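Values quoted throughout were computed directly from the atomic coordinates according to the rules given, and no laboratory measurement underlies them. All figures in this text were calculated on a predicted structure; none of them were measured in a lab. As a convention, Cβ positions derive from the backbone with ideal geometry for all residues, glycine included, and neighbour counts pool all protein chains shown.
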Amino acid sequence: MKTRKRSNAPIFWGLFGAGGMMAALFGPMLVFITGIAVPLGLLLPAGTMSYANMLAFAQNFIGKGFIFAVIFLFIWHAGHRIHHSLHEVGIHPGIVSKLLTYGLAAVVSLVAGVALLGLGF
C-alpha cells in the first residue's frame, strides 16, 4: 500500500477562499465609503473618517480585529492568486515562488498585527 504525501495546499486554498469572500463582500463597500462617500460628503457625516474617529476604531478590540481580518485575508488571497497566476506568464510555480508570494503575505500579516497592537487598546 502506498502512503500519500501530506499537503499544505488546503491551508492556502482556505485562506484564498476566505480572502476572496471577504474581498467580494467588504471590498466594494470599503472602496465606496473611503473613496467616494466620505470625501464627497455623501450619506455620511463629514467627520466620519477623522483621525480621532479612526484611531478610536483601531484601538477598539472589535475594530482592531476587523482591520486585521481585512488586511490578513486580502493579502493571503492576493498572494495565492499571484502564486497560481505566475504559471500563466511562463513562470512555473515552485519553492521560490511559494517563498516570495506566501512569504510576503506572512510578512505583511505580521507587520499589520504588530502595528495594530502598537496602537494600544
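Taking a straight line from the alpha carbon of K64, these lysines sit under 30 Å away, with near neighbours fewer than eight places off in the same chain left out: K98. Placing a pseudo-label 7 Å from each Cα along the Cα-to-Cβ vector at L104 and M49 gives an inter-label distance of 2.5 nm. Here the stretch 59-121 is treated as an ellipsoid with the same Cα gyration tensor; its semi-axes, largest first and in whole Å, are 30, 11, 5.
Taking every alpha-carbon pair within the chain, the share separated by more than 22 Å comes to 50 percent.
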